[in-house]
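One structure is given here, and the rest of the page talks about it.
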Amino acid sequence: MSSERGQFSSRFGFITAATGSAVGLGNIWGFPTQTASHGGGAFVLVYLVLTFLLAYPALMAELIIGRHTRHNMVGALPQLTTRPALKAIGRATGLYGVLIASLILSFYAIVAGWLMAQVPAALVNITGQLTDTNWFAQSSLIRDSLFCALFSVLTAAIVARGVKDGIERWSTRLMPALVLLMLGLVASVLTLPGAMEGLRLYVVPDFGLITDPGLLTSAMGQAFFSLSLGVGTMLVYGSYVSKTDNLPLTGAYVALIDTGIAFLAGLLIIPAMFVAQHRGIKIYSSENTLIAGPDLILQTLPELFNSLGFVGAFIGLIFFLLLSIAALTSSISMLEVPVTFALEQFKISRSRATGLVASVIFSISLLILFNFEQLFGAVITATTKYSQPLLGVFLCVFAGWVLHRDKLLGEISEGFTDVEKSLFWKIWPGYIRFICPLLITIMFVQHIVN
């Protein structure tokens, strides 16, 4: 028996849920490490520009299609057309989006498990029991599998409760806590010796780097990954939005809050790296580039926290609690994509759909863990750098070319009666048809060629 389709109870509920989806490890892990890898301020500048040139228009395409069709990605895209060929393309695009969302969650749960393990590591460190701390803090197949399983169970438990009682309720609690924790950590780190050097690197761009194809593609991929675009997450969330909500305004809130928190995360982590250097901790790799990725979050920063004594152990506890909350708010939206497909396609209950889908994704996570060197980086690259932007192109095409302009206008007008007179309507329809897919394609091809 199919579960009744849910709906967010308020605009605030949707904004916290959608922002929670957007604000995750993509912001607090991915954005600072990408910034460290691509010259600091240059990457920040390009990311901010691309978020509003490419990611926000694509976000609006997903929200509009979702609310218009009230369906998951696989069912939504074929509903926009009567042509059999386009229906087939839409269904294939939707299925690919569900697959990519599932693959992203499979590696995301591994990373989230690493971070969750650091919470008890910090707690035990405060008590001075170093043997136990080493087990929690150091990666091993047993530890990583256990915490990946724990994170997967937490995610599934929230999604199984549905839209209002699960996703919305927990998002409205977790997001304010996340912002408060981050503000407190930023205020603490910026007072430490060495922080100002990191701050300069972060906010002062090297304009010679901004045309680098690798930087451009990474910034575009980061913008799409951060806003959970291309895989149907925002499309599904859009299908739960009330018809009375002003979609352009609501989408702008989500993009602004997401970008602001990503910037805040960089404001925390990049200066913290230079605080670590000031205390004698290595922050540059053998290639003379800033350490990024897992080594930054799981080695450099914990070394910094340990060097600060008891205060550092407490800061470390808050930091990894913050990362765990961010990971959870994003993972529930990613799991919702295949779960919604399963319950609507196969007419099964939400709890059963959640259990089956979560079990399959956890099995993929274990496969990656047992073949880590071969699969982990490959899955990340294939999903976030290549598949998400390409799926974004297809969604732009369906919103701009397949969905009839009158229906598009009618859908937006439901919650924004004067939309025809707005700057949004004068720019967005043409932009989503021509400029947005063209820019994404050009940047993608340029990266392949180089």
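The values are calculated or read from the model by the stated rules, or taken from the named source; none is laboratory data. As the structure is a computational prediction, the values presented were derived from the model and not from experiment. For neighbour counting, all protein chains shown are included, and Cβ atoms are generated from backbone atoms with ideal geometry for every residue, glycine included.
See the values below:
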read-out	value
Residue in the range 133-150 that is farther than 19 Å from T354 by Cβ, of a type in the set (D, E, K, R) and over 16 Å from the mean Cα position of the chain (by Cα) present	yes
Cβ pairs under 6 Å, 6+ apart, first in the range 367-383 and within 16 Å of A101 (Cβ to Cβ), second surrounded by 13 or more Cβ atoms within 10 Å (Cβ to Cβ) and of a type outside the set (F, W, Y)	I368/L375; V379/L103; T383/I100; T383/L103; T383/I104
Only listed residue being in contact with a Leu (Cβ under 9 Å, 6 or more places away or on another chain) and exposed (fewer than 14 other Cβ atoms within 10 Å of the Cβ), chosen from F394, F370, F376	F370
In the range 191-211, the residues that are assigned to a loop (DSSP other than H, G, I, E, B) and either touching a helix residue (DSSP H, G or I) at 6+ places or on another chain (Cβ under 6 Å) or surrounded by 17 or more Cβ atoms within 10 Å (Cβ to Cβ) (or both)	L192, P193, G194, V204, P205, D206, I210
For K87: the one exception among (1) surrounded by fewer than 24 Cβ atoms within 10 Å (Cβ to Cβ); (2) modelled with pLDDT under 90	(2)
Matching helices (runs of 4 or more DSSP H) fully within the range 56-131 where at least 2 residues are out of contact with any His (no Cβ under 7 Å at 6 or more places or on another chain) and closer than 24 Å to E414 by Cα	56-69, 73-79
Single condition G194 does not satisfy, out of (1) under 28 Å from I283 (Cα atoms); (2) in contact with a Gly (Cβ under 9 Å, 6 or more places away or on another chain); (3) not hydroxyl-bearing (S, T, Y)	(2)
Residue in the range 339-355 that is surrounded by 19 or more Cβ atoms within 10 Å (Cβ to Cβ), within 15 Å of V74 (Cα to Cα) and among the β-branched types (V, I, T) present	yes
Tabulated pairs, the range 412-425, first at pLDDT below 90, second of a type in the set (D, E) and part of a loop (DSSP other than H, G, I, E, B), C-beta under 6 angstrom, 6+ apart or interchain	G415/D245
Condition met for F305 (hydrophobic (A, V, I, L, M, F, W, C), within 18 Å of the chain's Cα centre (by Cα), in a helix (DSSP H, G or I) and buried (at least 16 other Cβ atoms within 10 Å of the Cβ))	no
Residue identified as under 23 Å from I126 (Cα atoms) and not acidic (D, E) among F274, F314	F314
Residues located in the range 342-362, provided they are part of a helix (DSSP H, G or I) and among the charged types (D, E, K, R)	E344, R350, R352
